[in-house]
1. If I filter the range 260-295 down to residues being part of a loop (DSSP other than H, G, I, E, B) and over 22 Å from the mean Cα position of the chain (by Cα), which single residue comes out as surrounded by the fewest Cβ atoms within 10 Å (Cβ to Cβ)?
2. Return yes when residue 389 is β-branched (Val, Ile, Thr), within 29 Å of residue 130 (Cβ to Cβ) and touching a Phe, Trp or Tyr at 6+ places or on another chain (Cβ under 6 Å) and no when it is not.
3. Has the range 101-115 got any residue that is of a type outside the set (S, T, N, Q) and in contact with a strand residue (DSSP E or B) (Cβ under 8 Å, 6 or more places away or on another chain)?
4. Please note which strands (runs of 3 or more DSSP E) are completely contained in the range 120-186 and include at least 1 residues that are closer than 28 Å to residue 373 by Cα.
5. Output the residues belonging to the range 332-360 that are among the hydrophobic types (A, V, I, L, M, F, W, C), buried (at least 24 other Cβ atoms within 10 Å of the Cβ) and part of a loop (DSSP other than H, G, I, E, B).
6. Could we say that residue 174 is under 30 Å from residue 432 (Cβ atoms), at pLDDT 90 or above and not aromatic (Phe, Trp, Tyr) here?
7. Here is a list: 219, 257, 232. Which entry is under 28 Å from the mean Cα position of the chain (by Cα) and not assigned by TED's automatic domain parsing to the domain that holds residue 435?
Amino acid sequence: MAWFGVFGKSVGRNRRVRKNDLPRPYARVTIETNSMIPDLNEVLPLRIRIFLTLVAAALLFTLGAATGFGVHWYLTRDNPTDEERAQFNLFWEVWRLVREKYYGDIPAAPTPVYGAIRGALATLQDPYTIFVEPQPRALEKADLQGRFGGIGALVTRGKEGEVILQPMPGSPAERAGIQNGDQLIQVDDTMITATMRTEEVVLLIRGEVGTQVRLTLKRAGMTDPLEISVTRELIETPSVEWRILEQDETIGYLRIRMFTERTAEETRRALQDLLDKGARTFVLDLRGNGGGILDAAVDVASEFLDSGVVLFEERRDQAEKSYPAKPGGLAIQQPLVVLVDGGTASASEIVAGALQDHKRAVLIGEKTFGKGSVQLVFDLSDASSVHITVARWLTPNRQRIDTQGLQPDIIVPISDEERAAGHDPQLERAITYLRERVAIAP
């Protein structure tokens with residue numbers, strides 16, 4: 001499962017991994033504390049305010065006349081313009097006709113409301129200003145926090161949309177007998193289809209710690225389905241993996257899967273451990289990292305920078321804001337390579353862009369995704385949320401990467417065949433580069 005975006009200081013958390021073979025990423029977002037949230041009347045353009053008015057109308061239609069007073073209070077409080085009132089009346093005109101004339105069944109609440117919200121947001125033509133329903137929103141929060149009740153397995157999609165499980169080492173899923181590549185065909189009494197969203201599948205698997213979930217699997221080489229029951233446990237998912245490379249024991253390798261609440265602390269612990277084990281150079285692997293919390297990205301970049309700006313942020317009607325590197329980084333001098341690809345997005349592009357612009361690291365791999373916008377996440381009354389683009393960010397050299405991405409210093413493609421065979425030419429090129437750097441160092 002992969003996420004894309006930049007999030008901020010209070011997790012209220014952002015998706016693509018590899019363009020060709022991984023699930024399409026969510027928009028990564030920036031979540032900030034309430035003190036950072038501006039006045040909505042200043043931030044939201046007229047069309048968004050109209051959309052909120054339409055949502056109020058949809059609520060009245062769906063939930064009944066008893067909510068009329070609340071809608072009236074909302075409209076009175078916000079002092080709608082004549083144009084907004086006209087849009088509100090048009091909405092009612094349409095729904096009267098639907099109620100009177102529509103042949104089929106009208107969906108129950110809150111489906112019409114959610115549809116109205118999505119339709120209004122679509123008029124912005126911004127793929128990162130989105131509405132997220134309560135269940136996917138709960139997944140966002142859990143993933144950013146890095147802990148949840150589950151079985152400890154990654155959920156990915158096959159070429160035909162089939163759901164594939166990859167148990168984590170030592171997880172309840174692995175101990176119960178689930179194997180890498182098992183296809184999930186049923187969770188308890190719910191059949192899994194290719195059209196189901198990944199979030200829906202994950203939510204079926206996750207649950208309260210101590211409860212059981214029954215999984216029906218299709219395994220390669222077996223004719224009959226396999227049924228396995230797994231007891232859910234508290235799953236803590238580290239965002240950082242690290243090790244000394246077998247190919248060269250002077251190279252410390254760190255892979256950051258996403259930027260969560262725990263990433264800054266995990267990265268610092270990883271660097272200290274690698275230094276203690278004799279690492280003299282580093283590989284920072286950001287491939288497939290769709291983003292996460294903004295502060296975590298700044299903290300990670302600061303571990304490799306002794307000074308300078310990590311990023312600039314531009315907001316409407318506000319002064320430009322800079323995010324300086326924080327002092328005390330553990331690896332500000334050692335030669336460094338950053339691995340990137342088409343799944344490197346948002347917060348991970350912030351880190352890669354800062355290290356590249358400051359000539360602190362060499363980027364190796366493929367062009368990054370190109371997400372240079374910042375979203376605020378507003379949690380709503382029914383546990384859903386709306387992600388609203390409020391700013392654009394720039395690299396220290398004021399490069400705009402939105403839709404453009406970052407170009408690696410050394411381009412090294414990787415084929416599907418190489419990936420399937422476990423061959424990693426990008427990492428191999430990083431090792432070669434670092435060995436050459438050390439060899440020519442004075």
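The values are calculated or read from the model by the stated rules, or taken from the named source; none is laboratory data. Keep in mind the model is a prediction, meaning the values are calculated, not measured. Neighbour counts are summed over all protein chains in view; Cβ atoms, including those assigned to glycine, are modelled from backbone coordinates with ideal geometry.
1. Within the range 260-295, the first condition is being part of a loop (DSSP other than H, G, I, E, B), and the residues that meet it are 260-262, 277-280, 286-289.
Okay, now just the ones that are also over 22 Å from the mean Cα position of the chain (by Cα), so 277-280.
Details: 277: 13, 278: 11, 279: 24, 280: 16.
The extreme case among them is 278.
2. Details: β-branched (Val, Ile, Thr): yes; within 29 Å of residue 130 (Cβ to Cβ): yes; touching a Phe, Trp or Tyr at 6+ places or on another chain (Cβ under 6 Å): yes.
Yes, satisfied.
3. Yes, some residue in the range 101-115 is of a type outside the set (S, T, N, Q) and in contact with a strand residue (DSSP E or B) (Cβ under 8 Å, 6 or more places away or on another chain).
4. On the way: elements: 130-132, 147-150, 153-157, 163-167.
In the range 120-186, the matching strands (runs of 3 or more DSSP E) lie at 130-132, 147-150, 153-157.
5. From the range 332-360, those among the hydrophobic types (A, V, I, L, M, F, W, C) are 332, 336-340, 345, 347, 350-352, 354-355; that's our starting set.
Keeping just the survivors that are buried (at least 24 other Cβ atoms within 10 Å of the Cβ) gives 337-340, 345, 347, 350-352, 354-355.
Scanning the range 332-360 gives a single hit, 345.
6. Working: under 30 Å from residue 432 (Cβ atoms): no; at pLDDT 90 or above: yes; not aromatic (Phe, Trp, Tyr): yes.
So residue 174 does not fit the description; no.
7. On the way: 219 fails: under 28 Å from the mean Cα position of the chain (by Cα); 257 fails: not assigned by TED's automatic domain parsing to the domain that holds residue 435.
Being under 28 Å from the mean Cα position of the chain (by Cα) and not assigned by TED's automatic domain parsing to the domain that holds residue 435 holds for just one of 219, 257, 232, which is 232.
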